[in-house]
Each structure stands twice: as C-alpha cells, then as structure tokens.
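The values are calculated or read from the model by the stated rules, or taken from the named source; none is laboratory data. Bear in mind that the values here come from a model prediction, so they are computed numbers and not experimental data. Every residue, glycine as well, gets a Cβ built from its backbone with ideal geometry; the counts of neighbours run over all protein chains shown.
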C-alpha cells in the first residue's frame with residue numbers, strides 16, 4: 001500500500017501514455033501535457049492504453065521514484081471518469097487508493113462527512129454557517 005502525506009496532491013493524465021517512457025520521458029509529459037513540475041513533490045499518475053498498467057511518478061527531494069503496477073487480470077478505472085476537459089485531472093487520495101485497488105468508482109460512493117463550510121449551533125439550537 002502506498003502512503004502519502006495529506007499535503008501531497010495527485011494528478012492523473014487523462015490520455016494513455018506510452019509505457020516505454022521512464023523517469024525522463026514521463027517528466028516530459030508532466031511538463032508538456034499536464035503543465036506541472038515533476039519535482040514539486042506531487043504524484044503524477046499514468047495509465048497505458050489497455051489500462052492494465054499504471055505508473056506513479058514522485059519526487060522525494062533527492063530523486064524521482066517510479067512506481068509501477070501491472071494487473072494480473074482486469075483493468076484500471078479510466079481516469080477520464082473524473083473530468084472531461086482537462087489534460088490532467090486532480091485526484092484525491094481516497095480515489096487514488098480505490099483506483100490502485102481496482103475498485104469501480106462509478107458504482108461506489110464516497111460519503112462526505114465534513115463539508116467545506118463548518119456549521120455550528122447558535123444559542124437557540126439553530127444551525128448557522130461558519131461566518132456567523
């Protein structure tokens with residue numbers, strides 16, 4: 001299992017990548033297609049055309065790590081399910097773990113336990129927004 005800091009962002013390439021590319025080739029894809037910095041410390045996710053292989057490119061401060069997984073059976077979820085128009089899609093940690101485990105995200109639901117706005121109760125028991 002891959003464990004990452006909560007401050008790390010994950011970006012997936014929407015289109016399949018030639019898997020003959022290694023560290024330097026995938027770094028070029030990050031710069032040219034995803035318009036990112038391969039040395040930012042973020043994770044960049046690539047799948048092949050058949051979607052039975054996945055590569056994760058990560059900078060750890062001293063060098064590039066290339067994580068590679070080949071499925072024995074089945075395929076990875078298409079990253080295009082996350083967004084339509086962008087060449088690179090930001091993926092949250094929960095979805096990355098589900099992608100790596102082979103979970104069909106179209107049929108699963110991630111429950112949101114905490115919204116972007118915190119709610120609190122006023123003196124009368126009524127819910128009010130974070131702004132008051």
Worksheet entry | Whichever residue in segment 54-95 is assigned to a loop (DSSP other than H, G, I, E, B) and either surrounded by 16 or more Cβ atoms within 10 Å (Cβ to Cβ) or in contact with a helix residue (DSSP H, G or I) (Cβ under 8 Å, 6 or more places away or on another chain) (or both) and, among such residues, is modelled with the lowest pLDDT | 82
Worksheet item: Among the residues of segment 1-43 satisfying the criterion of being more than 19 Å from residue 69 (Cα to Cα) and touching a helix residue (DSSP H, G or I) at 6+ places or on another chain (Cβ under 6 Å), which is surrounded by the most Cβ atoms within 10 Å (Cβ to Cβ)?
Response: 38
Item to complete: Taking residue 11 as meeting all but one of (1) part of a loop (DSSP other than H, G, I, E, B); (2) within 27 Å of residue 106 (Cβ to Cβ); (3) touching a residue at least 40 places away in the same chain (Cβ under 8 Å), write down the number of the exception.
Response: (1)
